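The values are calculated or read from the model by the stated rules, or taken from the named source; none is laboratory data. If you're wondering where the values come from, they're calculated on a predicted model, not measured in any experiment. Positions of Cβ are generated from backbone atoms using ideal geometry, with glycine treated the same way; all protein chains shown enter the neighbour counts. These area figures cover heavy atoms from the full protein model, side chains too; ligands, DNA and RNA do not enter into them. Shrake-Rupley method; radii C 1.70, N 1.55, O 1.52, S 1.80 Å.
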Amino acid sequence: MSPPANTVNPPANTVNPGGNVARQHPGPLLEVRGLVKHFPIRGGLFGGVIDKVHAIDGVSFTVDEGETLGVVGESGCGKSTTGRCILRLIEPTAGTVWFDGLEVTAMNRQALRANSRAMQIIFQDPFASLNPRMTVASIIGEALAIHRLASSRTQAEQRIVELLETVGLHPDHMRRFPHEFSGGQRQRIGIARALAVSPRLIVCDEPVSALDVSIQAQVINLLEDLQERFRLSYLFIAHDLSVVEHISDRVAVMYLGRIVEIASSKALYRHPRHPYTEALLSAVPIPDPALKRKRIVLGGEVPNPIHPPAGCHFHPRCPHTMERCRIEAPILRDLGNRHHAACHLND
Ligand code: SF4
């Protein structure tokens with residue numbers, strides 16, 4: 001996809017008291033429409049394209065200002081690719097992404113760079129995403145320098161101190177290197193780096209998956225505090241439904257490159273309408289011993305995304321498969337109250 005030059009202006013640089021750019025557009029903050037990403041597979045004598053991986057196959061959703069949309073699914077379902085395509089760290093094959101009324105997928109390089117201030121990412125492995133040769137001050141300072149957010153060295157240092165305190169670290173930590181920190185502290189540095197440019201949306205790509213359970217809760221609490229303080233929106237990607245339940249307003253469940261169900265967190269956990277969501281939920285421990293949920297064990301592995309099954313992608317593993325499921329792909333049907341599910345059982 002080659003975006004036409006100068007079709008999109010960078011967002012206006014008005015700053016609200018929280019530090020981030022003021023709202024420009026009355027609709028959803030983020031709108032993803034029919035996003036597709038196919039990775040070509042090359043081979044043969046001349047290295048031509050011989051096949052493709054269907055990483056994302058027509059994903060659509062919105063995220064409102066101040067909202068958290070959780071995205072869950074097994075490894076390889078396309079959730080991280082979705083996050084990266086939204087930020088254009090990976091170029092989508094088709095579909096559009098709109099942020100505050102501007103089409104991100106049509107932005108030229110200059111507009112994309114300006115927009116990157118408003119859309120940030122936190123990665124799963126904080127160690128791999130932090131340059132081991134840079135001090136914390138350089139890591140956070142780099143983000144400030146790229147967007148010219150400090151007019152002097154003193155001002156940059158003041159901002160770095162403020163950011164470290166905001167994420168629960170000590171100002172003295174700025175002189176240290178990433179290897180001197182624990183996993184949880186490194187994730188806090190990653191969060192401080194993302195916050196440095198006062199974003200409005202943060203793609204949290206499995207931000208707690210690599211951390212111990214007790215540390216996971218601390219980082220999630222921090223993200224919630226920051227959301228309230230700075231009115232942030234999150235796209236919170238995780239493979240575990242129990243992680244996203246607490247933090248998400250709504251949850252989208254992905255399977256083999258498609259969203260199979262999307263609903264408010266409460267509705268999805270109490271009244272799932274897709275057999276795959278039911279199976280995922282059945283594996284989530286329930287704190288109340290009086291409540292019992294029958295464990296649904298899915299047979300087989302996630303099918304190969306190079307040749308996904310025809311019809312409903314889930315049919316080879318679904319306990320309710322009908323003849324129709326093998327032929328006809330179910331559409332994501334509106335079930336009311338912003339609850340959508342893609343299953344013929346809902347017809
Ligand atoms: Fe199962 Fe059919 Fe529903 Fe797919 S459409 S989830 S195979 S019942």
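Quick notes on this structure:
- Alpha-carbon radius of gyration plus Dmax, which is the widest Cα pair, for segment 66-137 in Å: 14.3, 39
- Here the chain carries DSSP beta bridges of which approximately 60% are antiparallel, counting only pairs with both residues inside.
- Measuring nothing but protein heavy atoms, the accessible surface of segment 201-347 at 1.4 Å probe radius is 52 percent carbon and sulfur.
- Nearest-0.05 FRET efficiency for ARG42 and ASN337, computed from C-beta distance (R0 35 Å): 0.15
- Based on protein heavy atoms only, segment 204-306 ends up with 48 Å² per residue of surface accessible to a 1.4 Å probe.
- Neighbours of ILE215, meaning other residues whose beta-carbon lies under 13 angstrom from its beta-carbon, give a summed charge of +1 when Lys and Arg score +1 and Asp and Glu score -1.
- The value of relative contact order for the chain, using C-alpha pairs under 8 Å at least six residues apart, is 20 percent.
- Positive minus negative residues near ILE56 (Lys, Arg vs Asp, Glu; Cβ under 13 Å): +4
- For segment 242-330, trypsin sites (Lys or Arg not before Pro) meeting the loop criterion (DSSP other than H, G, I, E, B) and having at most 11 other Cβ atoms within 10 Å: LYS292, LYS294, ARG295.
- Tail fraction, Cα-Cα pairs, segment 136-214, threshold 15 Å, whole percent: 54 percent
- Converting phi to 3J(HN,Hα) with the Karplus coefficients 6.51, -1.76 and 1.60 and the offset θ = phi - 60°, segment 134-144 yields 9, 6, 4, 4, 5, 4, 6, x, 4, 4, 5 Hz in sequence order, with x at every glycine or proline.
- Each label point was placed 7 Å from the Cα along the Cα-to-Cβ direction; for HIS147 and ARG326 their separation is 5.3 nm.
- Amide hydrogen proximity for ILE259: with H placed 1.01 Å from N in the peptide plane, the residues at 5 or more positions away or on another chain lying under 5 Å are SER60.
- Count, lysine Cα pairs under 18 Å in the chain, 8 or more residues apart or across chains: 4
- C-alpha long axis of helix 183-195 to longest principal axis of the chain, angle in °: 70 degrees
- Cβ-derived FRET efficiency at R0 22 Å, SER214 paired with MET134, nearest 0.05: 0.20
- Of the GluC sites (Glu not before Pro) in segment 231-339, the ones in a loop by DSSP (not H, G, I, E or B) with at most 14 other beta carbons within 10 Å are GLU301, GLU328.
- Against the main long axis of the alpha-carbon atoms of the chain, helix 153-166 sits at an angle near 40°.
- Over the chain, all Cα pairs binned in 20 Å intervals from 0 give whole-percent P(r) values of 29, 56, 15, 0, listed from short to long.
- Put a dot 7 Å past the Cα of ASP347, heading toward its Cβ, do the same for SER60, and the two dots end up 1.9 nm apart.
- Counting Lys and Arg as +1 and Asp and Glu as -1 over every other residue whose Cβ lies under 12 Å from the Cβ of ARG113, the net charge comes to +4.
- At full extension, GLU103 and GLU162 could sit 18.0 nm farther apart than now, given 0.36 nm per residue minus the alpha carbon distance.
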